[in-house]
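Have a look at the structure below, then the notes.
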Amino acid sequence: MSVAASKSRYQSEEFAARLRRRYAAEQRFKLAGMLAVTLASIMLVVLLGSIVSKGYTAFLQTKMRLEVTIDPALAQERNYMAMLRQALYAQVPEITDRASRRSLNELLSSGAPYELEAMVSKNPSLIGTKQTVWVRADDEVDQFAKGAISRDVPESERRLNDIKIKAIDTLTAQGAISTGFNTTLFTAGDSREPEQAGIWGAIVGSFLTLVVTMLLSVPIGVAAAVYLEEFAPKNRWTDLIEVNINNLAAVPSIIFGLLGLAVFLGFFGLPRSAPVVGGLVMALMTLPVIIIASRVALKSVPPSIREAALGIGASPLQTVTHHVLPLALPGILTGTIIGMSRALGETAPLLMIGMVAFIVDIPGGFTDSATVLPVQIFMWADSPERAFTERTSAAIMVLLGFLILMNGLAVFLRKKFERRW
Amino acid sequence: MQLTVLVLILALLTVIGFQMGRSRAAGSVGGRIVELHSVPSYHGFYVALWAGLPALLLFVLWNASEGWLVMQMTLAGLPDRLTQVNEQALNLLRADILNLAHGISTGRDSDPAVIAAAEQYARLRAIGSWSLLVIGTCVAMGGLLYARRQISPDLRARNRVERAVNIALVVCSLVAILTTVGIVLSLLFEAVRFFTVVSPIDFLFGLHWSPQTAIRADQVGSSGSFGAVPLFAGTMLITVIAMLVAVPVGLMAAIFMSEYANPNLRTWLKPILEILAGIPTVVYGFFAALTMAPFVRGVGQSLGLGVSSESALAAGIVMGVMIIPFVSSLSDDVINAVPQSLRDGSYGLGATKSETVRLVVLPAALPGIVAAIMLAVSRAIGETMIVVMAAGLTANLTANPLDAVTTVTTQIATLLVGDQEFDSPKTLSAFGLGLVLFVVTLTLNMVALRVVQKYREKYD
Amino acid sequence: MSVQTQIPAGAAMTRSASAGGPPIKMVARDVKVYYGAKQALKGINLEIQENRVMALIGPSGCGKSTFLRCLNRMNDTIENCRVEGLIALDGEDVYGKNIDAVQLRARVGMVFQKPNPFPKSIYDNIAYGPRIHGMATHRDEVDEIVTKSLERAGLWNEVKDRLREPGTGLSGGQQQRLCIARAIAVSPEVILMDEPCSALDPIATAHIEELIDELRENYTIVIVTHNMQQAARVSQKTAFFHLGDMVECDDTEEIFTNPRDERTQGYITGRYG
C-alpha cells in the first residue's frame, strides 16, 4: 500500500465515521467505569445512611417524671415498683379500673425500681418524703415518643393500646414525659429489656479480647517477620513457612473459630465465652496480617542501612534491633493497627467459642464470661423489638466509630512517618 | 494471688540479673571495657535470660499439668463406687468437684464424699500454687547465680544471647505453621469421628440435610439426614450472585481508577472503597437482613414474584458489595503491574484508551485477574456473618435466587452456637463441613497465589 | 495554544533544505513543552523532510525524546504535560481541530526504546493495528497485511512457521523488528523511533539499521539515538539537542565533519554526553 493511499485512507469519510464509532465505544466504556464507582459509592451511602437513620434515635431515651412518695413500709419490703405505680396512678387519675391499671403498669420500665432503690439506698433520709424522680419509660413508650409507633394505626395492630396512649397524653400534658440522652446505652451491659440494654459490657469485652490479641500477635508477628526477612536462609523450609503464612491470611475466619473450639476449649479446657480464648483465636487470625505488613515494612528499609551497620562491625542482630527495626516501626505499627481493627470487627470465630452468650454483667477480667461489640450487634439484630433494631444500629455506629478512629490513626502515622528512600 | 506475686518476682529477678551481669562484667576488667569479649549489657542480658527463662518454662509446664495432676490425686482418694463409672459420669464428677472447689453450687445435693473431695482439691491447688511460688523463685535465683558465676572477660555473652534470640525468632515464625497444623488436625480429628457415624459418601453426595432430626442415636446414618449437597448448592448460588455483582463492578472500578480517573478524583474514590472494605461483616449482615432483604422482597412483590424473606438474592447482593473493594484492589494491583510500555505500544498504533484496555491491558493482566476472582470466590465461600444473618436455615436444593437457601458456613455457625454435646453427630458434622470448607478455600487460595506470583515474576 | 508561523529571530540555526530538496513532511515551530512547572523544551524549530531519516542526537535529558513524543502526541498520555507551539503534518496542525490523536498516531507510528510486543501471538501483534482501524475486514486481507509487514521488517523468513506463537518468545532483536512490523502494518507516513537499538546487541542493531535504510524508500523516519555512529550510518539529516534547545540541524555529513556550534563539536568529539 502506498503512502498516498494510506494518507487518503486516514482522511477518508469512512475512517472518520469509524473513528466516531470508536469514540462512542470509548465513551461507553468510560461510562461503565464511572457507573461502577458510582454504584460502589451509592452502596456505601445507602449502607451508612440506613444505619444512621435507623439508629440515631437510640442515643435518646424517654423518661417519665413521677412524684413518688417513698413509703417506709414499702421501702422495708423493697417494693419500689409499688411506689412508682402509686405515683403513676396518682398522676393519671382518670384511669381507675384494674384492667386498665395493668396497662398503666406496663408504661414503666422493669428496671425503673432499681433506679429508685439505688437513689434511696444512697440517701436513706429520703424515706418518708415525697420526691420528684425521672425514671426510664418502657421501650414501647420510648418508641411512641420517638414517633416509631403511630396512633393512627388501628388498636389491634398497634403495640400500645388506647389506654396507654391516653395515659401518655395525660403525662405529656403535665410535662412529665421527656426525652434525653441515653446514658444507659453506654454504661449498661446486655438486657432483655431494650431500655435497660447497653453496650458497655460488650465494649469492655472487646477491649479485653483485643488486649490479649495484641499481646500475643504483635511480638510473635514482628519476631516472625524479622526472622523471615532478615535471618532466614532461603530454602524449602522457609518457602513453606512463607506459602503457609500467605494461605493462612486467606483462610475463612470461621475455620479459626473451629480451631479455637476444638483446641482451646476441647483440648486445653479453657473457659467458654472468655476474652482470653477470643483473644487467642483472634491472635492466630491476625498473625499473618501482622507478619505480612511487618515484612513489607522491613523490606522497604534500604539494604544500604544494613550494609553500613554491618560495615562498622555490628552483629546482624544489632543491625536489626538498632537500625532496621526502628526505621520499619511506623510501617509495622500501621499494619498492627489495621490488623487490630480487623480483629475488632470480627464476629464469626467468636460465635464458635461461646462469646455469643447472653451476659448481663460487665466482664472484670480475662477469664470472665464476656461478649464483644460485633457479637452484641449480631445478637441484638436477631431481637424482634424495634427498640433493639435502633440499638443495633447505634452499636454499629459506635463500632464504626472505633474503626474509623483506629484507621485514622493508621493513616496519620503513615503520613507522619512516611519516608521515601 | 500467688501467680501475680510470682510474675512480679520473676520480673524483678530478671531486672536484677541484668544489672548484676552488667556491673560484674564491667568490674571483672576493672572498667576497661575493651578487654571484654562482649559489651557489659550483653552480659546483663545473658544473666537475665538465665534468671527468667528456666523459671518461665517451669511456670508454663506447671500450669499446664497442675490441674490434671491434682484432679487425678483427688479422684484417687474417692471411693470406687464414684470413680468406677463410665466416661460421661466421670466427666460430670470432675465438673462437680471443680464447681464446688470454686464455690459454685452444683444445683443439687452432693455426696459428702464429693464435697470432701472438692475441699481436698482446693487444698491441693492452694499447696500447688504456693509450692510453685517457692520453686519458681528458687529456679530463677539458681539460674541467676549460675549465670553470674560464668561471667568473665572471655565469656562470649553476645554470641550466646544472640543464639537465644535467634531460637526465639525461629519459634515465633513456626507459630504460623503450628496454626495450620492445628487447624488440619482439629478438623481431621473431629471430622473422622463424624465420618465413623455418617459415611463420607452420604455426606458429600446426599441430597437431604436436616441435622436436627438426628439427635436420637438410632436415627443416625439410616436416616441419611447429613447429605450436604443442598448446602454446597446454596453456597454456590450465593457465591455466584455475589460474583455477578462484585466482579463487573470491582473490575470496572479498578480500570476506571487506574486508567481514567485523574489524581484528584482518585483521592476521593480510594477512601470510599477502603471504607467499604473496612466495614465489619456483621454490619453487612445487618444491612442484608434489615434493609436489602425487605427491599428485594418488596421489588419482587411489586413485580408479582414470590420472594422469600431470606432470599439468596439479598444475601448474595450484599456479599457482592462487600467483595467489590476486594476485587478492585486486587485487580488494581494486577492492572498496574502491566508495564506502561505495552500501553504506549498500543497508543502509538493509534488505539483509543478503551481499545488499549480491552485488547492489550486486560489480556495481559488476565492471569492476575483470574487469580483475583478465585481469591474473591474463596472469600465469598468462607464468609459467614452475612449468610448467618440474611440467608435461611432450611436446606433447599434450588437454583432460584428468590428462594431461601442455606450455606456451609451458616450451618457450621448454627450447629455450634448454643448448647452442644461434643459427641453428637450434629455437632461433629460442623467439623465435617469445616473440613470441606477448608480444603476448598485452601485449594483456591493456593492456586490463586501461585498464579499471582508467576504473573508478578513475568513483569518484574 | 499559540500558533506561530514565523520562525522567531535568533532561534536555532536551521539551514533550510527546502531549496530543491525533498518536500517537507513535518514542521515544528517554537515548540515548548512543560512537565508541570518544569520546562523540558525551550522553543524548537525543525523541518522534517519526506523519505529521509532524521536523527536526533544529544546528551541524556536534552529533550530529544520529549520532542519525538510531541510529533505523534504521545505526550498526551502523560499527566500534567503541556505543549505549546506549532507542529504540523503536511501543513496541518497536529494539535488542531482537524486531526485527532488517534488518527494522527495511525499516520505517525512509533517504535520504542525497549521492544514491547503485546503478550499475544506474532500474528495478532501485527494484526492489532489494522483491526482496530478497520483496515481489513476479511481474514485474507489481514493475512496479507501481516505477511507484507513482516516481509518489509525482514522478519518473515524467521517467523513464517510460527505465527501463532507468542511474540514475547522471540529474541530481543526479533522483537524489535516485530514492533517495527507492527508499526508498518497500519501504513503510517512517518515512523518515530525512540532509541530503537539501545536494548539490543550489535548484530541485532546492524539488522535494524539495515532495515531503517530500506524503510526510507516508503516512509519518513525520525530516530532518536545516543549512538553517534548510528546517527552517522542511518540518517541523512541530524539535529543536535542540548538542554531543551535544538542547537543545530544540518545534513548528517555536515554535522559530523563541520559542526558550527562548539557545543555540537564538543558532543560529537566526546567531550561530554
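The values are calculated or read from the model by the stated rules, or taken from the named source; none is laboratory data. Since the structure is predicted, the reported quantities are computational estimates derived from the model, not experimental observations. Cβ coordinates were reconstructed from backbone atoms using ideal geometry, including for glycine residues, and neighbour counts include every protein chain displayed. These area figures cover heavy atoms from the full protein model, side chains too; ligands, DNA and RNA do not enter into them. Shrake-Rupley method; radii C 1.70, N 1.55, O 1.52, S 1.80 Å.
So for the stretch C:190-201 (the condition being open to solvent by 30 Å² or more (accessible area, probe 1.4 Å) and not hydrophobic (A, V, I, L, M, F, W, C)), does at least one residue qualify? Within the stretch C:190-201, one or more residues are open to solvent by 30 Å² or more (accessible area, probe 1.4 Å) and not hydrophobic (A, V, I, L, M, F, W, C). Can you name the residue in the stretch C:92-106 that is of a type outside the set (A, V, I, L, M) and farther than 11 Å from A:Ala16 by Cβ and is also nearest to the other protein chains (Cβ to nearest Cβ) among such residues? Residue satisfying both the conditions and the ranking: C:Arg105. Residues of the stretch B:238-267 that are open to solvent by 20 Å² or more (accessible area, probe 1.4 Å), within 9 Å of another protein chain (Cβ to nearest Cβ), part of a helix (DSSP H, G or I) and free of Cβ contacts under 8 Å to residues at least 40 places away in the same chain: B:Pro248, B:Met252, B:Pro263, B:Leu265.
Taking the stretch A:61-94 as the range and being outside any helix (DSSP H, G or I) and open to solvent by 50 Å² or more (accessible area, probe 1.4 Å) as the test, the residues that pass are A:Lys63, A:Arg65, A:Glu67, A:Thr69, A:Asp71, A:Arg78, A:Asn79, A:Pro93, A:Glu94.
The helices (runs of 4 or more DSSP H) falling completely within the stretch B:1-110 that include 1 or more residues that are modelled with pLDDT of 80 or more and open to solvent by 70 Å² or more (accessible area, probe 1.4 Å) map to B:2-28, B:40-76. All conditions but one from (1) in contact with a Leu (Cβ under 9 Å, 6 or more places away or on another chain); (2) closer than 20 Å to B:Ser129 by Cβ; (3) not charged (D, E, K, R) apply to B:Thr83; the one that does not is (2). Out of curiosity, is B:Thr406 away from every other protein chain (no Cβ under 11 Å), open to solvent by less than 30 Å² (accessible area, probe 1.4 Å), under 18 Å from B:Ala288 (Cβ atoms) and at pLDDT 85 or above? Criteria met by B:Thr406.
Consider B:Ala176 carefully, then state whether it is in a helix (DSSP H, G or I) and farther than 26 Å from B:Leu3 by Cβ. Answer is yes for this residue. Quick check: is even one residue across the stretch A:162-175 within 21 Å of A:Glu67 (Cα to Cα), without any contact (Cβ under 8 Å) to a residue 24 or more places away in the chain and among the polar types (S, T, N, Q)? Yes, the stretch A:162-175 contains a residue that is within 21 Å of A:Glu67 (Cα to Cα), without any contact (Cβ under 8 Å) to a residue 24 or more places away in the chain and among the polar types (S, T, N, Q).
Counting only strands (runs of 3 or more DSSP E) that sit completely within the stretch C:32-99, those holding 1 or more residues that are surrounded by fewer than 17 Cβ atoms within 10 Å (Cβ to Cβ) correspond to C:38-49, C:81-89. All of A:Val133, A:Val141, A:Val226, A:Val222 fail the test of being crowded, with 23+ Cβ neighbours inside 10 Å, in contact (Cβ under 8 Å) with a residue 40 or more places away in the chain and touching a Lys or Arg at 6+ places or on another chain (Cβ under 8 Å), apart from A:Val141. Being facing chain A (nearest Cβ under 10 Å), open to solvent by less than 10 Å² (accessible area, probe 1.4 Å) and without any contact (Cβ under 8 Å) to a residue 60 or more places away in the chain is the requirement here; does B:Gly382 meet it? Yes. Going through (1) open to solvent by 40 Å² or more (accessible area, probe 1.4 Å); (2) within 14 Å of chain B (Cβ to nearest Cβ); (3) small (Gly, Ala, Ser); (4) more than 27 Å from B:Asn262 (Cβ to Cβ) one by one, A:Ala58 falls short only on (1). Would you call A:Glu229 in a helix (DSSP H, G or I) and in contact with a strand residue (DSSP E or B) (Cβ under 6 Å, 6 or more places away or on another chain)? Here the answer is no, as A:Glu229 does not meet what is asked. Against the list (1) facing another protein chain (nearest Cβ under 10 Å); (2) closer than 23 Å to A:Asn246 by Cα; (3) modelled with pLDDT of 95 or more, the condition B:Leu366 fails is (3).
The single residue among A:Ala225, A:Ala297 that is within 14 Å of chain B (Cβ to nearest Cβ) and over 29 Å from B:Val436 (Cβ atoms) turns out to be A:Ala225. With respect to (1) modelled with pLDDT of 90 or more; (2) touching a Ser or Thr at 6+ places or on another chain (Cβ under 7 Å); (3) surrounded by 18 or more Cβ atoms within 10 Å (Cβ to Cβ), the lone exception for A:Ser6 is condition (1).
Just to be sure before I move on: is B:Ala380 at pLDDT 95 or above, of a type in the set (A, V, I, L, M) and either part of a helix (DSSP H, G or I) or in the same structural domain as B:Ala430 (by TED's automatic domain parsing) (or both) in the structure I sent? Against the criterion (at pLDDT 95 or above, of a type in the set (A, V, I, L, M) and either part of a helix (DSSP H, G or I) or in the same structural domain as B:Ala430 (by TED's automatic domain parsing) (or both)), B:Ala380 qualifies. Taking the conditions exactly as written (within 14 Å of chain B (Cβ to nearest Cβ) and either closer than 30 Å to C:Ile268 by Cα or free of Cβ contacts under 8 Å to residues at least 60 places away in the same chain (or both)), does C:Val31 satisfy them or not? No; evaluated as a whole, the condition is false for this residue.
So that you can scan it fast, the table gives a plain yes or no per residue for (1) under 41 Å from the mean Cα position of the chain (by Cα); (2) assigned to a helix (DSSP H, G or I):
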residue	(1), (2)
B:Ser308	yes, no
B:Ala315	yes, yes
B:Val321	yes, yes
B:Ile324	yes, yes
B:Asp332	yes, yes
B:Gly345	no, yes
B:Ser354	no, yes
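Can you confirm whether the stretch B:353-362 contains a residue that is among the polar types (S, T, N, Q), farther than 27 Å from B:Ile183 by Cβ and away from chain A (no Cβ under 14 Å)? Scanning the stretch B:353-362, I find no residue that is among the polar types (S, T, N, Q), farther than 27 Å from B:Ile183 by Cβ and away from chain A (no Cβ under 14 Å), so the answer is no. If you check A:Pro302, A:Pro330, A:Pro288 for being over 30 Å from the mean Cα position of the chain (by Cα) and either over 20 Å from A:Leu215 (Cβ atoms) or within 11 Å of chain B (Cβ to nearest Cβ) (or both), only one passes: A:Pro302. Residues in the stretch A:244-275 that are more than 26 Å from A:Ile203 (Cβ to Cβ), more than 7 Å from chain B (Cβ to nearest Cβ) and of a type in the set (Gly, Ala, Ser): 2 in all. For the stretch A:240-247, the criterion of being without any contact (Cβ under 8 Å) to a residue 40 or more places away in the chain and within 21 Å of B:Ile412 (Cβ to Cβ) is satisfied by at least one residue. The numbered conditions (1) buried (at least 18 other Cβ atoms within 10 Å of the Cβ); (2) closer than 30 Å to B:Ile16 by Cα; (3) within 14 Å of chain A (Cβ to nearest Cβ); (4) not basic (Lys, Arg) are all true for B:Gly182 except (2).
Restricting attention to the stretch C:97-113, the residues that are without any contact (Cβ under 8 Å) to a residue 24 or more places away in the chain and of a type outside the set (D, E, K, R) add up to 4. Looking across the stretch B:287-314, the residues that are touching a residue at least 24 places away in the same chain (Cβ under 8 Å), touching a Lys or Arg at 6+ places or on another chain (Cβ under 9 Å) and surrounded by 19 or more Cβ atoms within 10 Å (Cβ to Cβ) come down to B:Val307, B:Ser308, B:Ser311, B:Ala314.
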